[in-house]
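A quick write-up on the structure given underneath.
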Amino acid sequence: MLERLAPDLHSIGPNPRNLLGIEDLQRPEIEHLLERGRFYKAVRRTEKLTTLRGRSIVNLFFEPSTRTRTSFEIAAKRLGADTISISALGTSLAKGESLVDTLNTLAAMNPDIIVMRHAASGAPHFLSRYLSTAMINAGDGLHEHPTQALLDALTILEVKGSLVGLRVAIIGDIAHSRVARSNLHLLSKFGADIVVCGPATTVSRNLTRLGPGIRLTHQMREAVRDADVIMMLRVQLERQNVEVFPKGEYFRYYGLSLEHVGLAKPDAIVLHPGPINRGREISSEVADSQRSMILSQVENGVAIRMAVLEWVCEE
Ligand code: NCD
């Protein structure tokens, strides 16, 4: 459907720098973003920076979001930019306007960056080919969520120091998770030893092609054994045409309990991008334990998004 609309888009100006996915990034670019994220985390929260003074940023979210949208907004404001946040329900899309017309309308107001979340995989990639405004992908369908993988990497690095040889278990509804895909790209670029685990309906052999060091299992206990990092994923009911697991059964097979954490390394950490569904993919005991990095991830999200906003504006 998007291709059909292509001629209607105004193709103008030089190509801006975009952040569409981790797949397109080289290691030095990722290292730079992580380093800048670390730098911004260390800057006092009360300090209002001027890095993006005079720039305007549109946050355009076609799907629900709490963490990503708020942290992009806070990040932009802390860098001195002006921000406008728009959710699809409040726009003319609800009055029948096409995505392309909405994007052209917003681009005509000349913002410097559009941060977009959309349910269609590839939507920001497609639109960025025709817009002269820098585009940041804040999650496209089940494809990529690059800033999530960057903030996850920052969180892991703060505790573990390095990603090389680190045993990372990614567990849950893999097939429907853009978080998993972006993390698989990033972690495999940095030499992690990754085990992907979930029900047979959500773990496909194709995942091993995303990079080196990726193994698959359907056994939760095998996945968590000796892990340094356990990354849990939400069951993405909104992306499943039919429910791929019987109701109530999920936690029994793929929910993370304290007993599972006990099988991992003694200093293992637990990550989850949120929103968490307590009792479905993670127990409250684990989510609220010392091992849980869930709130550190949220905090690091602001710093990483500051780094990314700065990076796309660099000449
Ligand atoms: C994730 C997303 O939207 O892809 N959430 C987030 O950005 N923190 C994961 C999810 O919704 O489960």
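The values are calculated or read from the model by the stated rules, or taken from the named source; none is laboratory data. In this text, all values refer to a predicted model and were calculated from it rather than measured experimentally. When we count neighbours, we look across all protein chains shown, and the Cβ atoms used for this are built from the backbone with ideal geometry, even at glycine. Ligands, DNA and RNA are excluded from the accessible area calculation, which covers all protein heavy atoms including side chains. Shrake-Rupley method; radii C 1.70, N 1.55, O 1.52, S 1.80 Å.
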Revision key, fill the gap. Taking a crude spin-label model, label points 7 Å out from Cα along the C-beta direction, the residue 132 to residue 201 distance in nm is 4.9
Check your understanding: At a probe radius of 1.4 Å, what is the per-residue accessible area of residue 145, in Å² to the nearest 10?
Key -> 10
Point to revise | Nearest-10 value in Å² for the accessible area of residue 167, using the 1.4 Å probe | key: 40
Practice item. Only helical DSSP H runs with n ≥ 4 go in: add -39500 (n - 2.57) per run for the chain, normalise by residue count and round the 222 nm mean residue ellipticity to 500 deg cm²/dmol. Key: -10500 deg cm²/dmol
Point to revise | Sequence of 201, 105, 46 from largest to smallest accessible area, 1.4 Å probe | key: 46, 201, 105
Practice item. At q = 0.19 Å⁻¹, work out log10 I(q)/I(0) for segment 224-315 with the Debye formula, treating every Cα as an identical point scatterer and leaving solvent out; two decimals please. Key: -0.91
Review point. Could you give the Stokes-Einstein D for segment 143-208 in µm² per second, using the C-alpha Kirkwood radius, 4 °C, 1.567 mPa s?
Key: 108
Review point. What list of ³J(HN,Hα) values in whole Hz, one per residue of segment 303-312 in order, does the Karplus curve 6.51 cos²θ - 1.76 cosθ + 1.60 (θ = phi - 60°) give from phi, with Gly and Pro shown as x?
Key: 4, 5, 6, 5, 4, 6, 4, 4, 4, 5
Exercise for review: Using θ = phi - 60° and the Karplus relation 6.51 cos²θ - 1.76 cosθ + 1.60, list the HN-Hα couplings for segment 203-216 in order, rounded to whole Hz, with x at every Gly or Pro.
Suggested key: 10, 10, 4, 4, 4, 5, 7, 5, x, x, x, 10, 10, 10
Exercise for review: At 25 °C and 0.890 mPa s, grab the translational diffusion coefficient of segment 158-315 from Stokes-Einstein with a Kirkwood Rh over Cα pairs, rounded to a whole number in µm² per second.
Suggested key: 153
Revision key, fill the gap. Treating every alpha carbon of the chain as one equal point scatterer without solvent, the Debye formula yields log10 I(q)/I(0) values at q = 0.13, 0.16 Å⁻¹ of -0.94, -1.34
Point to revise | In range of the label at residue 70: residues from segment 142-159 whose backbone nitrogen is under 18 Å from the point 7 Å along Cα→Cβ | key: 148, 151-152
Review point. Got the relative contact order for segment 123-193 handy, in percent, Cα pairs under 8 Å and 6 or more residues apart?
Key: 35
Revision key, fill the gap. Here the FRET efficiency for residue 84 versus residue 23, based on Cβ atoms and R0 = 22 Å and rounded to 0.05, is 0.15
**Study point:** Where Cα atoms sit under 26 Å apart: lysine pairs in the chain separated by 8 or more or lying on different chains
**Key:** 7
Study note, to complete from the structure: Which residues qualify? For residue 85, with a placed amide H closer than 5 Å and at least 5 residues away or on another chain, they are 59
Study note, to complete from the structure: Counting only protein heavy atoms and leaving out ligands, DNA and RNA, the solvent-accessible surface of residue 65 at a 1.4 Å probe, in Å² to the nearest 10, equals 40
Revision key, fill the gap. For the chain, averaging the sequence separation of alpha carbon pairs under 8 Å that lie six or more residues apart and dividing by its residue count, the contact order in percent is 20
Exercise for review: Determine the share of the chain's accessible area contributed by carbon and sulfur atoms, expressed in whole percent, with a 1.4 angstrom probe.
Suggested key: 51
Exercise for review: Enumerate the amide H contacts of residue 269 below 5 Å, restricted to partners 5 or more residues apart or on another chain; note that Pro and chain-start residues carry no placed amide H.
Suggested key: 229, 230
**Study point:** Using θ = phi - 60° and Karplus 6.51 cos²θ - 1.76 cosθ + 1.60, couplings along segment 259-276 (whole Hz; Gly, Pro as x)
**Key:** 4, 5, 4, x, 7, 7, 4, x, 10, 5, 10, 10, 10, 7, x, x, x, 8
Study note, to complete from the structure: Ordering 215, 278 by the accessible surface of their heavy atoms, 1.4 Å probe, largest first, yields 278, 215
Practice item. Out of all DSSP beta bridges with both ends in the chain, state the antiparallel percent to the nearest 5. Key: 5
Check your understanding: Between residue 216 and residues 5 or more places away or on another chain, which pairs have amide H atoms under 5 Å apart, with H built 1.01 Å from N, and which residues are they?
Key -> 196
Check your understanding: When the chain is treated as a GNM, springs tying every alpha-carbon pair under 10 Å, which of 281, 47, 299 comes out with the largest mean-square fluctuation?
Key -> 47
Revision key, fill the gap. Per the rule of 0.36 nm per residue minus the C-alpha distance, extending residue 91 to residue 48 adds in nm 12.4 nm
Point to revise | Computed E for residue 311/residue 239 - FRET, C-beta separation, R0 51 angstrom, nearest 0.05 | key: 0.95
Check your understanding: Per residue, how much accessible area does the chain have with a 1.4 Å probe, in Å²?
Key -> 44
